[in-house]
Structures are given as structure tokens and as C-alpha cells.
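Have a look at the structure below before the remarks.
The values are calculated or read from the model by the stated rules, or taken from the named source; none is laboratory data. From a predicted model like this one, the values you see are computed outputs, not experimental measurements. Neighbour counts run over all protein chains shown; Cβ positions are idealised from the backbone, glycine included. Side chains included, ligands, DNA and RNA excluded: accessible areas come from the protein's heavy atoms. Shrake-Rupley method; radii C 1.70, N 1.55, O 1.52, S 1.80 Å.
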Amino acid sequence: MGITERKEREREEMRQLILEEALKLFLTNGFDKVSIRNIADKIEYSPATIYLYFKDKNELLFALHQRGFAKMVAEFQPLRLLSDPFEKLVEMGRSYIRFAVENPELFDLMFIMTAPMDKLDKEDWVEGDQAFGLLMQVVQECMDAGIFQKHDVQSTSMMIWSSIHGYTALFLRKRLGMFAECDVPVIMDDAFNLFCETLRKGL
């Protein structure tokens with residue numbers, strides 16, 4: 001490995017270290033209570049080092065959102081090869097739940113943590129648009145195939161996403177204490193299947 005390649009690898013490793021520690025601090029203390037100095041102390045470098053990679057805390061937040069949505073969209077991509085649009089929609093739902101369970105910290109930051117969302121309203125936030133865009137595409141395919149009635153595709157996609165997101169968030173936030181812990185996985189799976197059956201029969 002040449003000097004240039006080694007420096008680039010070291011730079012990327014430092015960038016990832018900053019992001020990982022920032023994520024932990026944001027989730028533990030809240031976005032507003034974390035400073036660049038806090039992050040620098042955590043990685044045992046000076047604040048100046050972080051400013052070599054990110055201009056401010058908001059850019060750090062944006063980079064974490066990008067990373068989260070890029071990872072989620074990547075997990076959706078193989079599902080596009082499925083020919084049945086409803087099967088594709090169901091598997092996207094399962095993939096969403098699996099992503100949340102396997103990446104709870106990222107999911108928390110992407111969808112649950114209180115943060116200045118106006119700072120994420122950037123024209124180049126391709127990953128965020130792609131995630132919802134893929135869902136709308138599959139919903140439109142279901143309408144075109146006659147599986148769903150014709151509705152506004154954005155509203156329909158929003159309804160489907162928010163429903164699956166809702167009980168996924170309840171699970172991650174441990175708000176299902178009314179059920180025996182050993183029963184929760186089965187109830188979650190049954191609820192998802194029932195939701196899918198309801199969509200197929202009634203939408």
C-alpha cells in the first residue's frame with residue numbers, strides 16, 4: 001500500500017471513529033447537549049481534529065443520517081428483483097423491521113431522536129429520498145397490478161410506512177410490557193402478517 005492510500009485509509013478510519021462516538025453521545029445525552037469538544041474528549045483528540053472532517057455538529061448529524069439511510073436502502077436493493085409487487089412490499093417491510101432490530105442506535109437517530117430536522121433539509125440528501133422513493137415505487141406497482149385500488153401513492157405509502165414503523169418503534173423502545181416477553185416475537189410476527197393480509201384484502 002502506497003503512502004497516499006494509507007493516508008486515505010487512516011483519514012476514513014478517523015472519520016468513522018468520530019461518527020461512531022458522536023452517535024453514542026447524541027443518543028445518550030441528546031443532540032443539544034453534545035458539543036464538538038465533548039466528541040473530541042471522547043476520542044481523545046483536540047476539537048481542531050474534528051473540524052478537519054466536519055464543519056460543525058449539524059454536519060455530523062447529517063453524515064450519520066446519510067450513513068443510516070444508505071445502509072437501509074442497500075438492504076432494500078435485492079428485493080427489487082422480486083417479480084410479484086406485493087411480495088416485494090411485504091419483504092421490504094420485513095427488511096425494515098430487521099434493519100431496526102439489527103441497528104437500533106442508527107434507527108433511533110434516524111427516526112426517533114429529537115434533533116433539528118431542518119438541518120437535514122438538503123438538496124443532496126439522496127439517501128433519505130431514495131428510501132421513501134423505493135416504497136412509493138413498489139406501492140405504485142401494486143396499484144398498477146390491480147392488487148391495490150388507485151389511491152394517492154404518497155398518502156398510501158405514508159400509511160404503510162407509519163404503520164410498520166409504529167409497532168417497530170414500540171418494540172425497540174420496550175413499550176410492549178403488556179405482553180409476556182417470550183410472546184413478543186410471535187405477536188410482532190403475527191401483527192405484521194395480519195397487517196399485510198389487511199392490505200391485500202382491503203386497500
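Couple of notes before you dig in:
- Max mean-square fluctuation residue, GNM over the chain, Cα-Cα springs under 10 Å, options ILE39, ILE97, ILE187: ILE187
- For region 142-203, the solvent-accessible area of protein heavy atoms averages 64 Å² per residue (probe radius 1.4 Å; ligands and nucleic acids excluded).
- For the chain, the Kirkwood estimate of hydrodynamic radius, built from reciprocal distances between every pair of different alpha carbons, is 19.1 Å.
- Each distinct pair of alpha carbons in region 1-54 adds a 1/r term; the inverse of their mean, the Kirkwood radius, is 11.8 Å.
- The portion of the accessible surface of the chain made up by carbon and sulfur, rounded to a whole percent, is 53 (1.4 Å probe; DNA, RNA and ligands excluded).
- Selection of GluC sites (Glu not before Pro), region 12-104, meeting DSSP coil and at most 16 other Cβ within 10 Å: GLU44
- Helix axis angle, 126-144 relative to the chain longest principal axis, alpha carbon, degrees: 10 degrees
- Here the dipole of region 66-202 is about 160 debye; that uses its Cα centre as origin and unit charges on the Cβ of Lys and Arg (positive) and Asp and Glu (negative).
- Within the listed set ALA100, ALA145, ALA169, the residue fluctuating most in the Gaussian network model of the chain (springs between alpha-carbon atoms under 10 angstrom) is ALA145.
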